[in-house]
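**Student:** Below you will find the structure I want to go over with you.
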Protein chains: 2
Amino acid sequence: MGSGGFTIPGESGHEAYTLAMAEKWGADVVRDSDGTKLSPEILDAGLGVYSTVCLIREDNAWARAHQDTLQQNFLMSEPVTAAGAEVVIDPLATYSLDQFRLNTSDGVEFWQVFDRTTGEEISRDAWKLDGDRVVITGTLPGHRYTVNFLATRLWEEISMYNHVTNDWGDKERLMSVDPRHPAAAEHLVEWLEAWCVANPATTVVRFTSLFYNFAWFWGSEADRPHHYADWGSYDFTVSPLALRQFTEATGETITSEDFVNAGRYTSTHNPPSAIYERWMAFVGEFVRELGARLVDVVHRHGKAAYVFYDDSWVGIEPYSGSFEEFGFDGIIKSVFSAYEARLCAGVPTQTHELRLHPYLFPVDLEGKPTFAPGCRPEDDLQFYWTRVRRGMLRARIDRIGLGGYLSLTEPFPAFQDAVADMADQHRAIRDLHLAGEPAVEPVTVGVITSWGALRTWTASGHLHENPDLVFNHALESLAGQPYRVEFLRLDDVAANGVPARVDVLLNAGPAGTAWSGGDAWLDPALQVAVRTFVAAGGGFIGIQDPTAVHHGLGVFQLSDVLGVDRDPGDLARVMKRSFALSDSALLADGAEAPAPRGTGLFLTRAGVEVAAAHGDAPTVTVAGFGDGTAVYLANLDSNSAGQRRLLANAVQVAAGRAVTLPRADDPRVDVTVFPASSTIAVANASGDAVMASLPGLGELSLEPGELRLLPQA
Amino acid sequence: MGSGGFTIPGESGHEAYTLAMAEKWGADVVRDSDGTKLSPEILDAGLGVYSTVCLIREDNAWARAHQDTLQQNFLMSEPVTAAGAEVVIDPLATYSLDQFRLNTSDGVEFWQVFDRTTGEEISRDAWKLDGDRVVITGTLPGHRYTVNFLATRLWEEISMYNHVTNDWGDKERLMSVDPRHPAAAEHLVEWLEAWCVANPATTVVRFTSLFYNFAWFWGSEADRPHHYADWGSYDFTVSPLALRQFTEATGETITSEDFVNAGRYTSTHNPPSAIYERWMAFVGEFVRELGARLVDVVHRHGKAAYVFYDDSWVGIEPYSGSFEEFGFDGIIKSVFSAYEARLCAGVPTQTHELRLHPYLFPVDLEGKPTFAPGCRPEDDLQFYWTRVRRGMLRARIDRIGLGGYLSLTEPFPAFQDAVADMADQHRAIRDLHLAGEPAVEPVTVGVITSWGALRTWTASGHLHENPDLVFNHALESLAGQPYRVEFLRLDDVAANGVPARVDVLLNAGPAGTAWSGGDAWLDPALQVAVRTFVAAGGGFIGIQDPTAVHHGLGVFQLSDVLGVDRDPGDLARVMKRSFALSDSALLADGAEAPAPRGTGLFLTRAGVEVAAAHGDAPTVTVAGFGDGTAVYLANLDSNSAGQRRLLANAVQVAAGRAVTLPRADDPRVDVTVFPASSTIAVANASGDAVMASLPGLGELSLEPGELRLLPQA
């Protein structure tokens, strides 16, 4: 069906196979991967060439010689309960000494000691550093103490992971330098300059990624190999130098506790503090400035610069509004899901590329064999492809590709065929988008969180990393549905109201998280903005713990709008309203009610339609509020096609609009209309053969995972 | 096997049957019941005679003529969301107008209007009473408003319940007077005086109970017939007169919001405020003073005075430390469970009597037929008896009895036999206690709650009313086990430490409740007191959410002691420690791990023994802390004999002591040693035939529910 838009991982020693597969899959680009090299025969085959570069760990000799430039971060010690009037704390106890070294030589003024029983900081004159121990005097027996301290990192985390996982033994441990030190920054620029000269065949430098990895703290105990990992946390951007520069730049002081948060750190799942957001902006400015210099080096050598949106991505922030300042020519995202395809597609850059799964490694992320005898890697491919494709049908992706050891695929001809078919599907979908955008229902959904647009189409990490996070399931459901979706900040809505272009607000997730919003809902201005919007005819969809903070009349601060609240226990003797189930449009067209979640749900008023319940608890409801409509869902699992349809129905009901675009009676089948091409794309997102009925198209028999392009009726 | 200690409900028209059953059951007392009378033939049969008296509703003509003395209470209106600058609220909307009448004639100065969105009170000049509506001006659109107001009650709640349940149509609705009005108080005294004169055959006046019913708000909507019910709440003690007297007596002002608590009211399940506790004490003083006068009337007529510890029991407080001031000769408790028998047995009065179930009514509490053709009421009797008997074996009960329509039992000879057997068992157990107390393990368990001793052996209401309340299940388990049990207040322990006589502390229940303790755990003094106690060798048992308040390092404030905490969501990316299951003494001798409960449990440190888990969550653990031991149980269901044994094992493990008294290998069998009688009571608490093995006694084959008394080996 043609060629292009496909990146193949090349492998020296397998030149003929590389070129045969490049031909079969229509690859126009070849790449290297961790552990593979490209030989001259491959480099000269007339394909574009991607080369991966991770600057902060590329020159280990330089890093070893300049250890004062190594990256640092704050850690909190294990809490110690005082037995007497003195407590001695070993800050690094239970942390990996392969990863961390106590930094007592610079920045001790940023350390803090806390009485975690009272929450109070211990004054500086009541603790001292004694070698690599902290001695606290005047402690109160039975109180718990912790130390926030700076640690230098000796081992770059991705190097560490690959090393430990693959048992690399004596292989060199790579260190990561912090380019906030001018000498390090200049070295990166010079190194890249030299590298570009030395690699004339490279057409695209693929940055993996820039400077700061997501936070990942390792431990020293067998039963706790890792302490903390958060894909969106800026913990690894901290150093005494950066802290001082922050104060110089902003006039504000940011403390260790602003990062440590009593051991919660700055997880993306928690609402950020104002000062942490200013820190993020401060880091972003630095990353963009130096990043742009590096992109400029690449451009001056006539190469393109793409960035990999994982690993050391922190500070890049494709949705900050300033991403274009980098000058990147493309972005590459590792994806398992539809929402990740949408995330990639929406970034303001020229080329949007997906790195699909399975990765061409002997085992997958969970250690299960992928390319071993008896495996069917083509099934894994289809599993992920049918998920990712849901997002690709809604928003244009320019390129797809694979990574890893190509030679592993040689014994799997069915996999080779499946990749060829996938590449063809991708090119067909891409061409439909290039001809004109797909049709959408006249509904804009505003997803409202603490983060807003900055975390567009992401809840931090992959779906399988947060399998119970209902917010992710809402994103994944929406990612393949015909609605415009925007991401709004709670504080923006509080300050400015709901934007006029938004038809339906969606608030989803566990209480207290950045997704549901936590204490932000205590702001009367936010409550009023949303009530006013709904009362004037807007829609509101709440999932799990919308608007939740235990305060005032209950937990859901908009319990009047939703008609539902959750009893946190202190309403135990307040009698709950009984109800009968109603037939509801929410459950039309194969929609499925979700499994119950949490306890204590109850109706707050009469006139609420209950579409589904678990025992005495309403789990799917619709309530009028003024001229608008609120839908409540206790839970959502995007792995269920019926629940994805439930959310689509919720959007329609909350918007007060009937469906206008054709849709299949079977929710496993996604239908996308491309008016400019007069084409309807019918995609079976499931691994089942499906007989689906479509308005105007009759009955269609679809193979598992099949994509069928039909002329518009 | 003898006679005495048994109260039979007599029924005129069934004199011969009454006397035959009195003989069969060894009854020494006959009583009347709601709806039954005693004829002279019964009254003259030589039995003692109990007569039930509920003074506040006995003289309805007087109440009707003195409606300014009717009882009142605060209510909160339904919240109203403002659409504009004025909100009009109908305070009684959705409340029962049969029960409530708006009181606009006295005490409007105690009303309060709140903006529940901000939590602020609306100033008095921004709202006015317009007829029976409250008009609030200057309201903010999108804010929610409520009115706290006084309502007069027109229908005494037990009268209302019987009337509505039995469909009594035009039968007179009884009103309840508030004897805080001196005229009402004097009338009660005079009425009782006259009644005593008119009822010479009565030997015991059974008060049902004194003045103030537990709170019970009825609604006007079919889907919400009741708004609120709490067995221990003092809401019905409020009136303008009482509020003014409180201020006169204490110099303090108590507000409507101190009772309303944003619609939570003063539920016993929530930690009480300091001022509410002072109100309870203020009410208690009044109830004791007038109660003592009434008891004195009874005594002067040569009768005894017993009090029924249900219905209008509020202010009586048998565990206040001042109960003996009433001068009651006995207390009667309606019971379903072992802990209720312990509650009754521990009251400082002469005679402790249990009113057993089934009540002799056609249907039981859930509307299921009890004495209809085809029923086996003897099974119901044994079901409750085997539960209650667990408590009776541990603490002396002087009398048992039944209530209702005796004639209903006539067609059920198996029931008649079962009652005879039960009465014999009761007398045998009572006699063992009279000879000397049963042996206990040398362990005192201190149950630590917000209420402490005031709520000894009760979590407010019956087990079946709070079937999921783990605190109740802990009480029910302990009630039949060989430990000394005390009830401690959290604030007492904070102020004075754990009493030296206590070996094991127990803290159990959902986060935020009066049972677990809620914010009390933020007090460092409390934390220190418990840590010091455990570190010095004490035991700590935490069930469900012990020491829980979301603050500082996590949720369980003593997570260092327990070795366990619960992730409320903001620790989502903090990696949890893995573990392997250990064999544990906790699960010895037929103990059973509980079902999982809640989410997010994790280990806080190394060295915690995990006896049971649900997925990644530890659910039964043991941890050393200093010289002491902490046990955590995620849940507990006292309906499971194996889980009752789990708690017994937890007590032994936490106390660091091996079991010294004989116990059966099968936890369905309770063993009680009466050293003074050289008798071992072996009781099958289950409905199964059990083959149990006992040390020194070998194998015993026990019938369902059997009690066997054996000579001590």
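The values are calculated or read from the model by the stated rules, or taken from the named source; none is laboratory data. Remember, it's a predicted structure, so these values are computed and weren't measured experimentally. In this analysis, Cβ positions are derived from the backbone assuming ideal geometry, glycine residues included, and neighbour counts consider all displayed protein chains.
Quick grid of which residues meet (1) surrounded by fewer than 23 Cβ atoms within 10 Å (Cβ to Cβ); (2) at pLDDT 95 or above:
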| residue | (1), (2) |
| --- | --- |
| B:383 | yes, yes |
| B:413 | yes, yes |
| B:422 | no, yes |
| B:447 | no, yes |
| B:452 | yes, yes |
| B:457 | no, yes |
| B:464 | yes, no |
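Conditions (1) over 28 Å from the mean Cα position of the chain (by Cα); (2) buried (at least 23 other Cβ atoms within 10 Å of the Cβ), marked per residue:
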site: B:161; (1), (2): no, no
site: B:180; (1), (2): no, no
site: B:186; (1), (2): yes, no
site: B:197; (1), (2): yes, no
site: B:212; (1), (2): no, yes
site: B:219; (1), (2): no, no
site: B:229; (1), (2): no, no
site: B:239; (1), (2): no, yes
site: B:270; (1), (2): no, yes
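**Student:** Still on this structure, I have one more. Among the residues of the range A:123-143, write down those that are more than 14 Å from every other protein chain (Cβ to nearest Cβ) and buried (at least 20 other Cβ atoms within 10 Å of the Cβ).
**Tutor:** A:127, A:134, A:136
**Student:** Among A:523, A:519, which is at the interface with another protein chain (Cβ under 10 Å from one of its Cβ atoms) and at pLDDT 95 or above?
**Tutor:** Answer to the selection: A:523.
**Student:** Can I ask one more? Out of the range B:146-172, which residues are within 14 Å of chain A (Cβ to nearest Cβ) and in contact with a Pro (Cβ under 7 Å, 6 or more places away or on another chain)?
**Tutor:** Across the range B:146-172, the qualifying residues are B:146, B:147.
**Student:** If we keep just the residues of the range A:459-478 that are away from every other protein chain (no Cβ under 14 Å) and within 13 Å of the chain's Cα centre (by Cα), which is nearest to residue A:321 (Cα to Cα)?
**Tutor:** This residue is A:475.
**Student:** Something else: Restricting to the range B:74-88, and then to whatever is more than 11 Å from every other protein chain (Cβ to nearest Cβ) and crowded, with 20+ Cβ neighbours inside 10 Å, can you tell me which residue is nearest to residue A:527 (Cα to Cα)?
**Tutor:** B:87
**Student:** What do you reckon, is residue B:444 β-branched (Val, Ile, Thr) and touching a helix residue (DSSP H, G or I) at 6+ places or on another chain (Cβ under 7 Å)?
**Tutor:** No; evaluated as a whole, the condition is false for this residue.
**Student:** What's the number of the only condition in (1) outside any loop (DSSP other than H, G, I, E, B); (2) surrounded by 24 or more Cβ atoms within 10 Å (Cβ to Cβ) that residue B:258 fails to meet?
**Tutor:** Only one criterion in (1) outside any loop (DSSP other than H, G, I, E, B); (2) surrounded by 24 or more Cβ atoms within 10 Å (Cβ to Cβ) is unmet by residue B:258, namely (2).
**Student:** Find all pairs meeting these conditions: Cβ atoms under 6 angstrom apart; at least six residues apart or on different chains; first residue within the range B:253-273 and more than 7 Å from every other protein chain (Cβ to nearest Cβ); second residue of a type in the set (Val, Ile, Thr).
**Tutor:** Listed by first residue and then by second, the contacts come to B:253/B:247; B:254/B:275; B:258/B:275; B:259/B:266.
**Student:** So if I check each of B:339, B:319, B:306, which one is at pLDDT 95 or above, assigned to a loop (DSSP other than H, G, I, E, B) and either touching a Lys or Arg at 6+ places or on another chain (Cβ under 9 Å) or more than 21 Å from residue B:9 (Cβ to Cβ) (or both)?
**Tutor:** Matching residue, one of B:339, B:319, B:306: B:319.
**Student:** Which residue pairs have Cβ atoms closer than 9 Å, lie 6 or more positions apart in sequence or on different chains, and pair a first residue in the range A:397-412 that is farther than 19 Å from residue A:51 by Cβ with a second residue that is part of a helix (DSSP H, G or I) and among the polar types (S, T, N, Q)?
**Tutor:** Going by the 9 Å Cβ cut-off, the qualifying pairs are A:407/A:18; A:409/A:416; A:410/A:416.
**Student:** For the range A:549-592, which residues satisfy the criterion of being more than 18 Å from residue B:264 (Cβ to Cβ), surrounded by fewer than 21 Cβ atoms within 10 Å (Cβ to Cβ) and more than 8 Å from chain B (Cβ to nearest Cβ)?
**Tutor:** Scanning the range A:549-592 gives A:580, A:581, A:582, A:583, A:584, A:585, A:587, A:588, A:589, A:590, A:592.
**Student:** Quick test for you: out of A:63, A:93, pick the one residue that is among the small types (Gly, Ala, Ser) and either buried (at least 20 other Cβ atoms within 10 Å of the Cβ) or at pLDDT below 95 (or both).
**Tutor:** Only one candidate qualifies: A:63.
**Student:** Scan the range A:526-548 residue by residue and report those that are more than 28 Å from the chain's Cα centre (by Cα), of a type outside the set (A, V, I, L, M, F, W, C) and more than 8 Å from chain B (Cβ to nearest Cβ).
**Tutor:** Scanning the range A:526-548 gives A:537, A:538.
**Student:** Of everything in the range A:366-396 that's part of a loop (DSSP other than H, G, I, E, B) and in contact (Cβ under 8 Å) with a residue 40 or more places away in the chain, which residue is nearest to residue A:416 (Cα to Cα)?
**Tutor:** Taking the candidates together, the pick is A:371.
**Student:** Looking at the range A:487-514, which of the residues that are surrounded by fewer than 16 Cβ atoms within 10 Å (Cβ to Cβ) and either among the hydrophobic types (A, V, I, L, M, F, W, C) or in contact with a Ser or Thr (Cβ under 6 Å, 6 or more places away or on another chain) (or both) is nearest to the other protein chains (Cβ to nearest Cβ)?
**Tutor:** A:495
**Student:** If a residue must be of a type in the set (Ser, Thr, Tyr) and within 22 Å of the chain's Cα centre (by Cα), how many such residues does the range B:241-268 contain?
**Tutor:** 4
**Student:** Still on this model: Tally up the residues in the range A:655-698 that are in a strand (DSSP E or B) and at pLDDT below 95, please.
**Tutor:** 2
**Student:** Next question, about the same structure. Filter the range A:197-223 for residues that are free of Cβ contacts under 8 Å to residues at least 40 places away in the same chain and facing chain B (nearest Cβ under 10 Å) and give the result.
**Tutor:** Within the range A:197-223, A:222, A:223 qualify.
**Student:** If you don't mind, there's one more thing I want to ask. If a residue must be over 24 Å from residue A:471 (Cβ atoms) and at the interface with chain A (Cβ under 10 Å from one of its Cβ atoms), how many such residues does the range B:593-606 contain?
**Tutor:** Going through the range B:593-606 one residue at a time, the tally reaches 5.
**Student:** Additional query: Starting from residues that are of a type in the set (D, E, K, R) and at the interface with chain B (Cβ under 8 Å from one of its Cβ atoms), keep the ones in the range A:224-245 and report whichever is nearest to residue A:70 (Cα to Cα).
**Tutor:** Checked the range A:224-245; the qualifying residue nearest to residue A:70 (Cα to Cα) is A:230.
**Student:** What pairs can you find where one residue is in the range B:624-650 and over 17 Å from residue B:386 (Cα atoms), the other is among the aromatic types (Phe, Trp, Tyr) and in a helix (DSSP H, G or I), and their Cβ atoms are less than 8 Å apart, with a gap of 6+ or different chains?
**Tutor:** Cβ pairs passing all conditions: B:628/B:533.
**Student:** Another question about this same structure. When the range B:479-525 is examined, which residues are found to be more than 21 Å from the chain's Cα centre (by Cα) and small (Gly, Ala, Ser)?
**Tutor:** B:494, B:495, B:497, B:500, B:520, B:525
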